[in-house]
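To start, the structure itself, in structure tokens.
The values are calculated or read from the model by the stated rules, or taken from the named source; none is laboratory data. Source: prediction; values computed, not measured. Counting neighbours? That spans all protein chains shown, and the Cβs are built from the backbone with ideal geometry, glycine included.
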Amino acid sequence: MTETHVTQTALPEATPLRSEAVSRASGWTAGRITAIAIGTLLVLVSLVLLGAGGTALWADRTQRDGGYVTTDVHEFSTSGAALATVSTELGSAGVGWLYAPGLLEDVRLRVTPASTGPPVFVGIGPSTDVDRYLAGVNHAVITEFWEEKTEAVAGGAPAAAPGTQDFWVASSTGSGARTLEWDPTDGSWTVVVMNADGRPGINVGADLGARLPAVLWIALGVLIAGAVFLAGGGLLIAGAIRARRARQASTA
């Protein structure tokens, strides 16, 4: 038998420096690409900060009414016996600090019936007590104040008129428009609008205002932070592009 010897020819190994050489030739090194990425991220963050700061400054300068930063009027109605907001947490962990009593002075709620009718009750109470009072009552929960969204809750009539309850920390009852002012404290709170006698059918317009003495300084601080981020991102991007052009010019 004749033995056949196969000679294996080693393939040339890929040069690990080839990609690095290509990147150097183009001027885009890893460091410059990283600088572009970080600079772009900083610019994006700065746009968010500048937008938030600008909005806060606009609200402070143009949306004040009697010293209150005030929303537009929003319309809400229900065939049930009550309109109730979702629970609002003041001074809680997370973003609750934005609504902390230390940043708020007074809160003002103005409620105006859409037409002449029975006296109106407006009250603010601890969420647990309000939930207990409205358990089994036909009412609507305001899930989105700004977008005027509500969610109906089936049930019957309330066992007692709202004014007979003793858990309200602030309330106003009477005919026509009602204005309720409250000095907020930490806790979980719910706003309720009802007919004073508890009868069903409510159609009102409401606006919310707050005294925010620190909002101007917060807005300015956020704007300054946004400007710093924008400048830092711009410098990183400009530096990377300038270094690439200098490299290309030196190799030309």
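Numerical summary
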quantity: Candidates P200, P162, P184, filtered to the one that is within 30 Å of A52 (Cβ to Cβ) and of a type outside the set (G, A, S); calculated: P184
quantity: Residue list for the range 131-157, filter: touching a helix residue (DSSP H, G or I) at 6+ places or on another chain (Cβ under 9 Å) and on the phi > 0 side of the Ramachandran plot; calculated: G155
quantity: Residue within the range 221-238 that is at pLDDT below 80, farther than 30 Å from V122 by Cα and buried (at least 16 other Cβ atoms within 10 Å of the Cβ) present; calculated: yes
quantity: Out of D166, D207, D197, sole residue that is at pLDDT 90 or above and closer than 30 Å to L47 by Cα; calculated: D207
quantity: Qualifying residue in the range 182-194 (condition: modelled with pLDDT under 95, of a type in the set (V, I, T) and under 30 Å from R32 (Cα atoms)); calculated: no
quantity: Every residue from the range 154-179 that is part of a strand (DSSP E or B) and acidic (D, E); calculated: none
quantity: Some residue of the range 200-207 being surrounded by fewer than 14 Cβ atoms within 10 Å (Cβ to Cβ), of a type in the set (A, V, I, L, M) and not assigned by TED's automatic domain parsing to the domain that holds G53; calculated: no
quantity: Those strands (runs of 3 or more DSSP E) lying entirely in the range 38-129 with at least 2 residues at pLDDT below 80 and surrounded by fewer than 13 Cβ atoms within 10 Å (Cβ to Cβ); calculated: none
quantity: Selection from the range 22-36 of residues that are surrounded by 13 or more Cβ atoms within 10 Å (Cβ to Cβ) and at pLDDT 80 or above; calculated: I33, A35, I36
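One line per residue, one yes/no per condition, for (1) of a type outside the set (G, A, S); (2) in contact with a Leu (Cβ under 9 Å, 6 or more places away or on another chain); (3) outside any strand (DSSP E or B); (4) farther than 24 Å from E75 by Cβ:
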site: D131; (1), (2), (3), (4): yes, no, yes, yes
site: E151; (1), (2), (3), (4): yes, no, no, no
site: E181; (1), (2), (3), (4): yes, yes, no, no
site: T185; (1), (2), (3), (4): yes, yes, yes, yes
site: N203; (1), (2), (3), (4): yes, no, no, no
site: L208; (1), (2), (3), (4): yes, yes, no, no
